[in-house]
1. Scan chain A and report its longest stretch carrying no GluC sites (Glu not before Pro) that are both in a DSSP loop and have at most 13 other Cβ atoms within 10 Å.
2. Can you give me the distance in nm between label points at A:GLN180 and A:GLU44, each placed 7 Å from the Cα along the Cα-to-Cβ direction?
3. A:MET58 to A:SER132: FRET efficiency via 1/(1 + (r/R0)^6), r the Cβ-Cβ distance, R0 60 Å, to the nearest 0.05?
4. Which distance in Å, rounded to a whole number, links the C-alpha centroids of the range A:1-69 and the range A:163-177?
5. Just want to confirm a number: the relative contact order over the range B:2-47, from Cα pairs under 8 angstrom separated by 6+ residues, in percent.
6. What lysines sit close enough to A:LYS238 to cross-link, taking a C-alpha to C-alpha distance under 20 Å and skipping anything fewer than 8 places away on the same chain?
7. Averaging sequence separations of C-alpha pairs under 8 Å and six or more residues apart, then dividing by the length of chain B, give the relative contact order as a whole percent.
8. Sort A:LEU130, A:LEU98 so the one with the fewest other Cβ atoms within 10 Å of its own Cβ comes first.
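Every read-out reported here was derived from the displayed coordinates using simple, explicitly stated rules and does not represent laboratory data. Predicted, not measured: the structure shown is a model, and the values here were computed from it. Cβ: placed from backbone, ideal geometry, glycine included. Neighbour counts: every protein chain shown.
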Amino acid sequence: MEQEKLEEILRVIELCRDVESSSANPFDVDIKEKISLLRLRLPEWKFLDELLVDSEAMLELAQIVKLQDEWLKHRASSLYIDPLLIQLKVKLLAKEALSEAFIKSWHPVAQIDQISPRGLEKAFVYWRDLTSMSDRFKNQFGTYGTRPGTVDYTELVSLGIFTPEEFEGTLTVLHDELLQKSNGEWVDYHQFIGDVSFEDKVRRAYLLAFLISEGKALLRTEPLSGKIWTMAVAEKAKGAPKSVAISITGEG
Amino acid sequence: MRRHLGRDYRKIVEVLTEDVAPMGLEVFEVKGADGSEDSSRFLLRFKEPPTVSEAETSGIRIDDLAVLAATIAFINSKQGRVARREVEQFLREKFPRWRVDYSLDRYVKRGYLEQDERTMLHIGWRTHAEVDEKTLMTLILSRAQEAAKK
């Protein structure tokens with residue numbers, strides 16, 4: 001029985017806390033009724049814990065009265081507008097119109113940002129003692145942060161991107177494909193390497209460059225039109241090798 | 001101010017207001033929570049609102065201001081206090097989630113909004129100091145009517 005009575009008071013506390021932590025109307029709590037309940041139960045409490053629960057409930061009710069006061073003040077001010085109406089209006093407005101409304105009612109506080117001589121000195125010391133970027137990279141990543149350069153086949157193998165067997169196999173597949181497509185004729189280089197994704201395009205261009213370097217494919221450029229042609233050869237080509245730089249973009 | 005300038009400190013504030021007026025500034029009084037004179041704070045602020053282009057050149061993003069405008073309007077419509085999750089839900093119908101979270105945190109930090117221990121959002125001191133809330137609410141309502149007519 002005692003437990004039930006105590007639970008009644010705990011429910012009052014719970015109700016007050018729910019209202020405090022939501023935007024519910026604080027007038028939903030019937031203060032008069034709750035205070036009558038507390039008054040009725042007060043003579044029955046014998047232990048300190050029970051009295052503490054009672055005073056906690058009283059405190060929570062006082063908070064609700066405070067909220068009711070604020071609620072009334074706000075409602076009486078001209079700032080009150082039906083929340084549903086505001087939600088609708090905000091939804092209707094473009095972001096630009098919303099920000100323009102804000103700017104037209106905005107009076108920014110004037111402020112001066114300035115640095116003191118002490119701050120200036122601290123900044124100077126900081127920059128003076130700051131380790132250079134290259135040293136910081138070296139400390140953090142060792143020699144990993146090297147300048148841009150070229151990666152050769154052995155490095156790719158050592159990085160685990162290719163295994164020797166896989167690489168040889170892929171080269172043969174690409175060579176066969178070029179042999180079939182060119183069939184003794186020149187084929188458009190970009191058309192040949194161009195595939196679904198950029199990554200794939202780069203991969204095919206890299207492999208084709210390997211075939212060309214090995215003399216298993218030929219490359220012909222037309223400087224005036226910018227066109228590049230390629231052709232597979234069954235036998236290894238002979239002659240002086242030449243370097244050609246080809247840029248590959250992510251487009252088309 | 002009463003202690004340092006004497007009982008007539010308001011007259012000094014008035015003189016200061018006149019002095020800063022040619023610079024386009026004004027001394028603005030922000031009443032404290034209890035509304036008493038002792039809890040008031042005095043700030044120097046722009047007399048006239050900036051133009052849209054001035055606001056843009058100051059590095060403020062239009063989208064961020066739109067979030068703040070919508071939040072102030074929403075909080076005011078809910079008697080000045082709303083659960084943060086409710087504000088987030090409301091804003092997410094119009095703005096991307098990342099912008100809502102980022103902007104709310106930033107405006108709480110800058111004092112435009114206040115968040116209590118129950119994660120309820122209130123209007124912050126800086127909004128009271130810088131924003132003419134009545135004008136803002138009126139403009140939002142009137143602009144929305146124009147938008148609806150179009």
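1. A:1-184
2. For the pair A:GLN180/A:GLU44, the computed spacing is 9.1 nm.
3. About 0.35, to the nearest 0.05.
4. 80
5. It rounds to 29 percent for the range B:2-47.
6. A:LYS216
7. 16
8. A:LEU130, A:LEU98
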